[in-house]
Amino acid sequence: MAFDLSYTEEQQALAQTARDFTKKEITPVAGEYDESGAFPRDILKRAWDTGLFNVEVPEQYGGLGGSCLDHCLVLEELSYGCLAFNTTIAANMLGAMPVLIAGSEEQKKKYLGRLTDEPLFAAYCCSEPDAGSDVAGMSTKVEKHGDDYVINGQKRWITNGGVANWYTVLATSDKSKRHKGISCFVIDADTPGVKSGRKEDKMGQRASNTTDVIFEDVKVPKSALIGAEGNGFKIAMKTFDRSRPWIAAGAAGVIRRALEESSQYALERKTFGVPIAQHQAIQFMIADMAIAYENTRLLCHKAAWNVDRGELESVVSAFAKAYGGDAAMRVTTDAVQIFGGYGYTKEYPVEKLMRDAKLLQIYEGTSQIQRMVIARNVLGHR
């Protein structure tokens, strides 16, 4: 495949649709939802109606049949308005990804079809109170009872946890086996013994729904198993390789918003008789923001391009996720600095951008975990 940085007419139209939707529906109310922490169900339904959900679900299951790059183009535009909307919509695809990667045809028709038939939500249950970055250290237990499985445990930091119609859940048959003991299941939210915990009161991305999901003697049939027993860890890692470009796309949207807000303010705000945009210190900060945006977007699109070619290289997704998350945090912090005292108030959006950006360095593998992946890749090729 030739190297090409252009986009198809369909991709340009998709991105423009997402941009128009964000401008009309998300940006004007992002501050209100941040303040209240309410879940923006009505706006998300309109996003579903517009075709901005489930972008990578194949057409035969009612989805758009889009590529990872298509999805990243949408997520960048949504994140420009509010990262919480990006996270909610991306989490639907995250919950669906294990089914897409390793699910049976029946599972795909049932669960992916459910997402595309109605504006419903899915969630991916991996992290636990004592097992975040160390996925293989999870404690959620699965035991086989005849042809059925019984699951007990507690998942934490689950996006869409309190609003999901169904979950993809990782559980271990034997914790001492580490990654070899983990299996993956798809479980309806109304299954007896499944319940969501309290909604987290978060620093940023407050409009996204984040809860514990608790499993108490949850009995599921063999048909709930995704793939084979013991393959859950591999499914989880493939899922993250597919999803980490989405985090970089979110970072790109936030960086672009911070850059535009900062540039506009710098041209209007005057000190010492001239706009602060004429001061070299401010110019250099804005230039670095622009560089960060270009770098993040290029790394994101390279990672997405690799996914779309079927080359799931963990290190490429790690480059995009680590750089994008760190760059978004740095850029939004600089945006607050450019705004000075005003930037520290809710009168302007940059303090929200900074709070929202922090999570990009944490979820779906911290920046430190990404560096471990990268270092092992580099040193392994010596």
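Okay, here's what the table says:
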read-out	value
Counted residues, the range 327-366 - those being assigned to a loop (DSSP other than H, G, I, E, B), touching a residue at least 12 places away in the same chain (Cβ under 8 Å) and farther than 30 Å from G132 by Cα	3
Residue in the range 59-73 that is assigned to a loop (DSSP other than H, G, I, E, B), touching a residue at least 24 places away in the same chain (Cβ under 8 Å) and closer than 20 Å to T168 by Cα present	yes
Qualifying residue in the range 116-130 (condition: farther than 30 Å from R46 by Cα, free of Cβ contacts under 8 Å to residues at least 12 places away in the same chain, buried (at least 17 other Cβ atoms within 10 Å of the Cβ) and under 21 Å from the mean Cα position of the chain (by Cα))	no
I235 of a type in the set (V, I, T), over 30 Å from N92 (Cβ atoms) and open to solvent by less than 40 Å² (accessible area, probe 1.4 Å)	no
Pair list, Cβ under 7 Å, 6 or more apart: the range 297-309 residue open to solvent by less than 50 Å² (accessible area, probe 1.4 Å), other residue assigned to a loop (DSSP other than H, G, I, E, B)	N306/E313
Unique match (being within 30 Å of G146 (Cβ to Cβ) and either at pLDDT below 95 or assigned to a helix (DSSP H, G or I) (or both)) among I291, I235	I235
Any hit, the range 149-167, residues being within 21 Å of L225 (Cβ to Cβ), in a strand (DSSP E or B) and open to solvent by 60 Å² or more (accessible area, probe 1.4 Å)	yes
Looking only at the range 186-222, and only at residues there that are without any contact (Cβ under 8 Å) to a residue 60 or more places away in the chain and aliphatic (A, V, I, L, M), the one that is least open to solvent (accessible area, probe 1.4 Å)	I187
Residues of the range 34-63 satisfying the condition of being open to solvent by less than 50 Å² (accessible area, probe 1.4 Å), under 18 Å from the mean Cα position of the chain (by Cα) and of a type in the set (F, W, Y)	F39, F53
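Conditions tested, residue by residue: (1) assigned to a loop (DSSP other than H, G, I, E, B); (2) more than 25 Å from K199 (Cβ to Cβ).
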residue: T88; (1), (2): no, no
residue: N92; (1), (2): no, no
residue: G95; (1), (2): no, no
residue: E106; (1), (2): no, yes
residue: G113; (1), (2): no, yes
residue: L120; (1), (2): yes, no
residue: Y124; (1), (2): no, no
residue: S133; (1), (2): yes, no
residue: S139; (1), (2): yes, no
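The values are calculated or read from the model by the stated rules, or taken from the named source; none is laboratory data. For clarity, every value in this text was computed on a predicted model and none was experimentally measured. Reconstructed Cβ throughout: ideal geometry from the backbone, glycine too, with neighbour counts over all protein chains shown. We work out accessible area using only protein heavy atoms, side chains counted, and drop any ligands, DNA or RNA first. Shrake-Rupley method; radii C 1.70, N 1.55, O 1.52, S 1.80 Å.
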